[in-house]
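One structure below.
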């Protein structure tokens, strides 16, 4: 049942693209929590995960496809922001939170592949393109179950509540994204609301959850929640920029794929906003859209041309300015915390989010 | 996005079949907890459920399609098995558990429709047949999120852990079911393991969870867990019997649909076991199976003939004997509890499970 579907091509165990691995720069940033990140990996890969061989293999294949482990790293770094007596090791509850956060993120990626029917993810064929669809839904559900299991292990009622709120926000984010498809004239606020639900919610459970588990003061909990929200917004804005400016080898998916599949993101909004003749531009988009279903090749050509126009405009620079604003606002939330190796790592992580190419 | 898919027929808000409503008999059985069941409904239908109109409508449509509310009723009845000072009202945590259990059950039904691609559920068109598939996955995820939210409200770490174990067991049950498809010679044990994961796990979280929330003794918690498991097994066995003996108007789906879609259940196993010439029967099934993909109409005819043979054999009576064994074993677990209106209601519920026609 987790065997390739007859129509499938490729192989889920195929080499993940370089894109999915942490860059050397990111790895050195995460050095302060490398030991704890290894504990997170061990927890996620525990052999008792399930007795069902096919499911265990699917689960491990998905985990082995990697990812930057950025969200668990943020949880670990935040948890260490206030020095404790035994500074050497974080409590198991924080490791569980970090594992829950990464597992939740992975579960959403698996389901996203069903929801948007994409064929490539992290440079490898999506599960949905090689497994029967029911299996992909189930594999995602299993990972949601694992995430719930890890969060339950924290034993912290409020953290568990924040986590369950996140589950619902994630769905709302997906639905907002569906509503917004092929809407080229959305309000900018609705874009930010959508990415807050879809992306920041997981960053937020990582950072706020860590603060709660470490019994930080209410004010510090609030700040770390905001910190997570802001870094999540910046991360998604850069993601949306890279969809315009990145290249397929780095991204593991074709550039311009957002617009091609009807997702209008910040660079496009800013491009429209700064366009000297918006009326004409909108007419142009409408005309192009008429090819979407009946002549997909023409539609793809037109999209490529819009993508080139966006890249040639000020929209990319403006989008980076917005992302930097969120990183700065996030870092300002760390002012309450003493200087430490962890805080410096989070500051550097903000730069890494802005400078990343994948 | 929660609008009917272009290819869809029917209407999710259409009249649910009578099948989905509690029978007058069941309603009178649940009288002792009618007030608390109303609290569960209120909690599930709370207007703050989401700000997104389309999602709220979908959520309410799904809830309005009803169901017997058997699982939450069992949680409520179990919670009342030991008299407390204020016997009039159960604590909010038990109401949250009951809401979580029903929501989890509903979420699995929604996803099942995607996983097995069925067209009818509770007599109404499935969501999957009227919504785009991505929306159905999301609606299910939202309900999983709601269930997690309700269980988090109990604030009871062990109950939350049992709940997250259930999430994983449910997936394992589905996968075991997929593995078992078109396997006509499975061991009987694997059938029971599968339905324990797929069905009993939710009954168990209802009954064990109630015992934990009410701080029953460890022995009573164990007994109520077993009670839930046994009633769940009986419930599923009867479900599988009704798929052979029931009629479409009652069931809301065609009789024989399990076998038609490749699910071999207890009546078929017992029929094979009691067959005078098993070699011939197996050859007959193999021959029939060869039509499955290339001539579905012939396959359907052959299945109808197998279904008639099963119904004419002792297999149905034997299956009922098995179901009754589980109900009796479940009721024996209640011996530790004093006689009460609630205990009598659970005893009667066991009979209702065996006698139900829908």
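What to note about this one:
- Subset of region B:237-251 that is assigned to a helix (DSSP H, G or I) and modelled with pLDDT under 85 - its residue that is nearest to residue B:308 (Cα to Cα): B:248
- One residue stands out in region B:126-141 among those that are more than 20 Å from residue A:147 (Cβ to Cβ) and at pLDDT 75 or above: the one that is farthest from the other protein chains (Cβ to nearest Cβ), namely B:136.
- Residue B:108 meets all of the listed conditions (1) closer than 21 Å to residue B:228 by Cβ; (2) more than 14 Å from chain A (Cβ to nearest Cβ); (3) assigned to a helix (DSSP H, G or I) but one, namely (2).
- One residue from B:270, B:266, B:224, B:259 being over 29 Å from residue B:348 (Cα atoms), surrounded by 20 or more Cβ atoms within 10 Å (Cβ to Cβ) and in contact with a helix residue (DSSP H, G or I) (Cβ under 6 Å, 6 or more places away or on another chain): B:259
- Residue A:332 being within 19 Å of residue A:354 (Cβ to Cβ) and without any contact (Cβ under 8 Å) to a residue 40 or more places away in the chain: yes
- Selection from region A:154-213 of residues that are assigned to a loop (DSSP other than H, G, I, E, B) and either more than 8 Å from every other protein chain (Cβ to nearest Cβ) or under 14 Å from the mean Cα position of the chain (by Cα) (or both): A:156, A:180, A:181, A:182, A:183, A:184, A:185, A:186, A:187
- Selected residue [more than 14 Å from chain A (Cβ to nearest Cβ), modelled with pLDDT under 80 and buried (at least 17 other Cβ atoms within 10 Å of the Cβ)] from B:24, B:72, B:32, B:16: B:16
- The sole residue among A:258, A:240 that is touching a residue at least 60 places away in the same chain (Cβ under 8 Å) and farther than 25 Å from residue A:338 by Cβ is A:240.
- Taking the listed residues A:188, A:168, the one that is surrounded by fewer than 21 Cβ atoms within 10 Å (Cβ to Cβ) and either out of contact with any strand residue (DSSP E or B) (no Cβ under 6 Å at 6 or more places or on another chain) or touching a residue at least 60 places away in the same chain (Cβ under 8 Å) (or both) is A:188, with no other qualifying.
- For region B:210-219, a tally of residues being under 17 Å from residue B:332 (Cβ atoms) and either free of Cβ contacts under 8 Å to residues at least 24 places away in the same chain or in contact with a helix residue (DSSP H, G or I) (Cβ under 6 Å, 6 or more places away or on another chain) (or both) returns 1.
The values are calculated or read from the model by the stated rules, or taken from the named source; none is laboratory data. This structure is a prediction, so every number in the text was calculated from the model and none was measured. Cβ: placed from backbone, ideal geometry, glycine included. Neighbour counts: every protein chain shown.
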